[in-house]
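These notes concern the structure reproduced below.
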Amino acid sequence: MSNSTTKKVYVRRFDRKMLAGYVSPHAFLRADGIEVIDREAEVVLVPYEQTRAVYFVRDFKGNPEPDQRKAFASRPKLGGLWVQMQFRDGEALEGVMPNDLLQVGEHGVTITPPDANANTQKVFVPRSALDGFQVLGVVGSPIHRRRARRKQLDREQKDLFPAPAKTVS
């Protein structure tokens with residue numbers, strides 16, 4: 001996402017209505033809902049219970065959901081936790097979230113959706129919108145990287161100091 005102070009979003013509510021607007025990425029989650037500045041420059045507070053998802057988009061091109069893939073075709077390449085979320089309305093969405101449980105917020109989670117080339121860059125899903133949340137896999141685990149690096153260092157180290165030749169007297 002770009003480095004501006006506000007991000008373009010679509011807020012999808014459970015009544016199927018979409019709200020297009022802008023949010024401050026560091027301050028849009030309030031105690032009582034999601035604060036959005038709509039396209040007419042009015043501040044709107046959408047309660048978490050009514051919110052299905054917040055789609056962070058590149059451009060306002062209409063509804064971001066029909067063009068969005070809901071699942072990965074194969075194992076994701078992006079590192080993190082590969083997750084599947086079950087919404088209250090029965091639909092499911094897969095994505096990747098950071099492999100850092102401190103990133104799991106009080107009000108919900110932010111994921112990277114399956115299609116990196118789509119208009120949607122990130123999706124925030126409130127906890128109240130979910131019936132289920134499942135980790136499908138860990139991609140790019142730091143544990144495996146450390147082991148692989150240690151094995152590589154061990155191989156390199158063996159060649160640095162060859163054993164001295166034994167002399168026979």
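Name the residues in segment 28-85 that are among the aromatic types (Phe, Trp, Tyr) and under 17 Å from Arg12 (Cα atoms), would you?
Of segment 28-85, the ones among the aromatic types (Phe, Trp, Tyr) are 28, 48, 55-56, 60, 72, 82.
Phe28, Tyr48, Tyr55, Phe56, Phe60, listed by residue number.
A quick yes/no check of all residues on (1) modelled with pLDDT of 90 or more; (2) farther than 23 Å from His26 by Cβ:
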| position | (1), (2) |
| --- | --- |
| Asn63 | no, yes |
| Arg88 | yes, yes |
| Asp100 | no, no |
| Gly105 | no, no |
| Gly108 | yes, no |
| Asn119 | no, no |
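Scanning for something in contact (Cβ under 8 Å) with a residue 40 or more places away in the chain, surrounded by 13 or more Cβ atoms within 10 Å (Cβ to Cβ) and basic (Lys, Arg), does segment 76-83 turn up at least one residue? Give the derivation first.
Filtering segment 76-83 for residues in contact (Cβ under 8 Å) with a residue 40 or more places away in the chain gives 76-83.
This time we only want the ones that are surrounded by 13 or more Cβ atoms within 10 Å (Cβ to Cβ), so: 76, 78-83.
Those left that are additionally basic (Lys, Arg): none.
No - not one qualifying residue is present in segment 76-83.
If you take the residues in segment 94-109 that are farther than 12 Å from Gly80 by Cα and of a type in the set (Val, Ile, Thr), which one is surrounded by the most Cβ atoms within 10 Å (Cβ to Cβ)? Steps first, answer last, please.
Of all residues in segment 94-109, those farther than 12 Å from Gly80 by Cα come to 94, 102, 104-109.
Add one more test, that the residue is of a type in the set (Val, Ile, Thr), and what stays is 104, 109.
Values: Val104: 14, Val109: 20.
Out of the qualifying residues, it is Val109.
For (1) free of Cβ contacts under 8 Å to residues at least 40 places away in the same chain; (2) in a strand (DSSP E or B); (3) buried (at least 16 other Cβ atoms within 10 Å of the Cβ); (4) of a type in the set (A, V, I, L, M), each residue gets a yes or a no:
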| site | (1), (2), (3), (4) |
| --- | --- |
| Val11 | no, yes, yes, yes |
| Ala20 | no, yes, yes, yes |
| Asp32 | yes, no, no, no |
| Leu45 | yes, yes, no, yes |
| Val54 | no, yes, yes, yes |
| Asn63 | no, no, no, no |
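The values are calculated or read from the model by the stated rules, or taken from the named source; none is laboratory data. None of the values given here were measured: they were computed from a predicted structure. Cβ sites come from the backbone with ideal geometry, for glycine too, and all protein chains shown count toward neighbours.
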